[in-house]
Amino acid sequence: MAIGTKRVSGKPLNFGERLFVPEIAKGMAVVLSHFARNFVREKDVVTLSYPEEKAPYPERFRGAHRLMRRDDGSVRCVACMCCSTACPARCIHIVAEEAPDPRIEKRPAVFKIDELRCVYCGLCVEACPCDAIRMDSGIHVHPVTDRREAYWDKEHLMSLGGPSIAVQGGRARHLPPNESGH
Amino acid sequence: MDLEVLVASIAKVLGMVVIVLVIFSPITAWLERKQAAVLQDRVGPNRANVAGVTLFGLLHPLADAVKFLWKEDFIPARANRMMHNLAPLMALVPVMVCFAVVPFGEAVCLDGAHAMQDGVAMCVGAGGEATRAFTLQVANLDIGILFVFAFASLATYGVAVAGWASNNKFALLGGLRAAAQMFSYEIVMGLNIVGVFMVYGSLDLAEIVRGQAGHGALGFLPPWGVLLQPVGCILFLTSAIAESKRVPFDNPEGESEIIAGYHLEYSSAKFMMFFMGEYMEAILAAAIGTMLFFGGWHVPFLADDDASWAANYPAVLALVAAGGAALGALLLRSGARRKATAEMALGVLVGAPAAAVAAWLAWLWVRSLGEHGVPLGFSPATAAVLVAAAQVGVTLLKMFLLVVFQMFVRWTLPRFRYDQVMKLGWKMMLPVSLANIAVTALVMLW
């Protein structure tokens, strides 16, 4: 296909515009008004001085992951593998083990997230039935000098986490409510 | 040539280099970035600091200079090494030489009144003996402004050679564009200030400035070139911007078309020389514009004789001190915004004495108005030095404002297309400048 030319017929300049000088003066008036306004007060400057000032994040900002804890301090995760199954980036690595509490059945022996592979989609949080994994820490993943530093393990993820007020799911009906009151 | 003249000349050259190279060009480089930022609703350079003192980002040119010197000086493998090395010098040195004929103030006479004898500023003492006055320009040439044009055109070689020696197609295009553009606009520039020569009857810049004192235009306005030759002034500023290859005439660089044009293959100190050369051309344009069209060292309505300057220089110095006080206030404001104690302290240290001096000088001047005498009880020699300082201050202020004006033009207008540059130069500005000469001649005859 031959490339056609498109003819643009702009409005011809009138005499005043062809003189240039009045039009340049008009343009400079705009520029000068901005200069004067910003010189007197810096209200219109939207720039943030980043490390000192930070923009507030939206409420649902997805930052680094954290693992929530029960009231007794143990991890809420029951190693159901829902999050690692939902994860499109396959960055969650869980090894399950038996939990001492018979009402809970399983807990993660290893819970590792490769924060470099993570695409911060939030599907793991959606998938979690226990409110164990969250992305609301508000933390950017820090730059690392070695990839292994970006593999966040269970202890680190739990250190970011806190107690959850959600009712723990997967509770066995035939057993009495656990000591934490649910 | 006796020793005294030699020492004086060296001192003047050093003074000029300090003013232009050490003070003015970093300020211009800073102004380009900071002014652009402020008028585009941005913040601009503000990070480089010494103990929290950023001076509105004025330390950035310093940091830039250090950075440039530490960069690798790269020469392309097939470039013409000698020409590649020579080109930045060829672009920078002629521009610096041009400042030799720029008068920053009236000739200084430490004793006696100054008078012109055969175009040379002399000091006439009480007994009638005449000695050479100390001029505030490096070389007092009769050809004056023609010298500036001669050397400014030499800068074209630097740019053209840089484009050719780099062995790069884009650089060559840039060099060719620069050569054609500078050549075209030199003609226009030369023609449109012929009107100025006709009005003031001299090529010597100091003589042209002397013609702009007092109030001669329409009986009450100062006879500045901008009022007597308005068309010439606009044409001069336009062609001066085209000469210094700045926006809207920056086709030789044309980032979007030919990357960086003639200095594409330059790095390190050699790039800095082109960079500085461009700013120096802008400063030179401001200096020549000040001399030709904005009354040089003259304050509006102040007559060009020793007595009126001696009576009124405290007012000028008071204005300079008031500027210092304003600077201090701005420093204080900038420091308070960033909670930088050192900068606030500096603001107070600069601003408070400057404000006090300004108030004192202004009061002395107002008190002396009625008596028509010398307001400060200084000896004539001290007063002469202070008058010279006031005149240099006025010149530098006008130059600064013209540089600011060029920056405003730069950030207002988009770049012309190359054929539009040529069309504007040859088919619009050249006829208008010829018409300007004809009209000026007719008005002067009539």
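Computed quantities for the displayed model
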item: Pairs where the first residue, in region B:415-437, is under 17 Å from residue B:244 (Cα atoms) and the second is hydrophobic (A, V, I, L, M, F, W, C) and surrounded by fewer than 17 Cβ atoms within 10 Å (Cβ to Cβ), C-beta under 9 Å, 6+ apart; result: B:424/A:20; B:425/B:187
item: Every residue from region B:222-256 that is within 13 Å of chain A (Cβ to nearest Cβ), surrounded by fewer than 21 Cβ atoms within 10 Å (Cβ to Cβ) and farther than 23 Å from residue B:179 by Cα; result: B:230, B:231
item: Count - residues of region A:61-73 that are touching a residue at least 12 places away in the same chain (Cβ under 8 Å) and part of a loop (DSSP other than H, G, I, E, B); result: 9
item: Test: residue in region B:21-34 that is farther than 25 Å from residue B:393 by Cβ and among the acidic types (Asp, Glu); result: no
item: All positions within region A:19-28 that are more than 9 Å from chain B (Cβ to nearest Cβ) and assigned to a helix (DSSP H, G or I); result: A:22, A:23, A:25, A:26
item: Selection count where residues are in a strand (DSSP E or B), surrounded by fewer than 15 Cβ atoms within 10 Å (Cβ to Cβ) and not β-branched (Val, Ile, Thr), scope region A:77-128; result: 3
item: Filtered residues of region B:310-331 (kept if out of contact with any Gly (no Cβ under 6 Å at 6 or more places or on another chain), of a type in the set (A, V, I, L, M, F, W, C) and over 17 Å from residue B:366 (Cβ atoms)); result: B:326, B:327, B:330
item: Among residues of region B:406-426, those that are facing chain A (nearest Cβ under 10 Å) and among the polar types (S, T, N, Q), counted; result: 1
item: Of all residues making up region B:51-62, the number that are within 20 Å of residue B:342 (Cα to Cα) and without any contact (Cβ under 8 Å) to a residue 40 or more places away in the chain; result: 5
item: Single condition residue B:301 does not satisfy, out of (1) touching a helix residue (DSSP H, G or I) at 6+ places or on another chain (Cβ under 8 Å); (2) over 19 Å from residue B:152 (Cα atoms); (3) of a type in the set (A, V, I, L, M, F, W, C); result: (1)
item: Close pairs (6 angstrom Cβ cut-off, 6 or more residues apart or separate chains): without any contact (Cβ under 8 Å) to a residue 60 or more places away in the chain in region A:106-124, assigned to a helix (DSSP H, G or I) anywhere; result: A:111/A:154; A:115/A:150; A:116/A:150; A:123/A:86; A:124/A:83; A:124/A:86
item: Test: residue in region B:374-385 that is in contact (Cβ under 8 Å) with a residue 24 or more places away in the chain, in a helix (DSSP H, G or I), surrounded by 19 or more Cβ atoms within 10 Å (Cβ to Cβ) and out of contact with any helix residue (DSSP H, G or I) (no Cβ under 6 Å at 6 or more places or on another chain); result: yes
item: Region A:94-104: number of residues that are of a type in the set (D, E, K, R) and either at pLDDT 85 or above or under 13 Å from residue A:82 (Cα atoms) (or both); result: 2
item: Residue B:416, sole failed condition from (1) surrounded by 15 or more Cβ atoms within 10 Å (Cβ to Cβ); (2) assigned to a helix (DSSP H, G or I); result: (2)
item: Residue A:9 under 30 Å from residue B:409 (Cα atoms) and more than 14 Å from every other protein chain (Cβ to nearest Cβ); result: yes
item: Strands (runs of 3 or more DSSP E) completely within region B:113-182 that count 1 or more residues being buried (at least 17 other Cβ atoms within 10 Å of the Cβ); result: B:113-117, B:120-124
item: Odd one out for residue A:56 among (1) more than 14 Å from chain B (Cβ to nearest Cβ); (2) more than 18 Å from the chain's Cα centre (by Cα); result: (2)
item: Checking residue A:49 against (1) touching a Ser or Thr at 6+ places or on another chain (Cβ under 7 Å); (2) modelled with pLDDT under 85, the condition it does not meet; result: (1)
item: Residues (of a type outside the set (A, V, I, L, M, F, W, C), within 9 Å of chain B (Cβ to nearest Cβ) and touching a helix residue (DSSP H, G or I) at 6+ places or on another chain (Cβ under 9 Å)) located in region A:34-46; result: A:34, A:38, A:42, A:44
item: Some residue of region A:55-65 being surrounded by 20 or more Cβ atoms within 10 Å (Cβ to Cβ), over 30 Å from residue B:44 (Cβ atoms) and not hydroxyl-bearing (Ser, Thr, Tyr); result: yes
item: Pairs with Cβ under 6 Å, 6+ apart, first in region B:153-171 and at pLDDT 85 or above, second crowded, with 20+ Cβ neighbours inside 10 Å and of a type in the set (Phe, Trp, Tyr); result: B:159/B:262; B:162/B:262; B:163/B:262; B:171/B:262
item: For residue B:56: the one exception among (1) out of contact with any Pro (no Cβ under 6 Å at 6 or more places or on another chain); (2) away from every other protein chain (no Cβ under 14 Å); (3) surrounded by 15 or more Cβ atoms within 10 Å (Cβ to Cβ); (4) assigned to a helix (DSSP H, G or I); result: (2)
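Condition check ((1) aliphatic (A, V, I, L, M); (2) in contact (Cβ under 8 Å) with a residue 40 or more places away in the chain; (3) out of contact with any Pro (no Cβ under 7 Å at 6 or more places or on another chain)) across all residues:
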position	(1), (2), (3)
B:198	yes, yes, yes
B:202	no, yes, yes
B:207	no, yes, yes
B:267	no, yes, yes
B:273	yes, yes, no
B:279	no, yes, yes
B:282	yes, yes, yes
B:299	yes, yes, yes
B:302	yes, yes, yes
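For every residue, the table says whether it meets (1) acidic (Asp, Glu); (2) more than 14 Å from chain A (Cβ to nearest Cβ); (3) buried (at least 18 other Cβ atoms within 10 Å of the Cβ); (4) part of a helix (DSSP H, G or I).
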| site | (1), (2), (3), (4) |
| --- | --- |
| B:11 | no, yes, no, yes |
| B:16 | no, yes, yes, yes |
| B:20 | no, yes, yes, yes |
| B:24 | no, yes, yes, yes |
| B:32 | yes, no, yes, yes |
| B:35 | no, no, yes, yes |
| B:42 | no, no, no, no |
| B:45 | no, no, yes, no |
| B:63 | no, yes, no, yes |
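The values are calculated or read from the model by the stated rules, or taken from the named source; none is laboratory data. Please read these numbers as outputs of a predicted model, since none were measured by experiment. Every residue, glycine among them, receives a Cβ derived from its backbone with ideal geometry; neighbour counts consider all protein chains shown.
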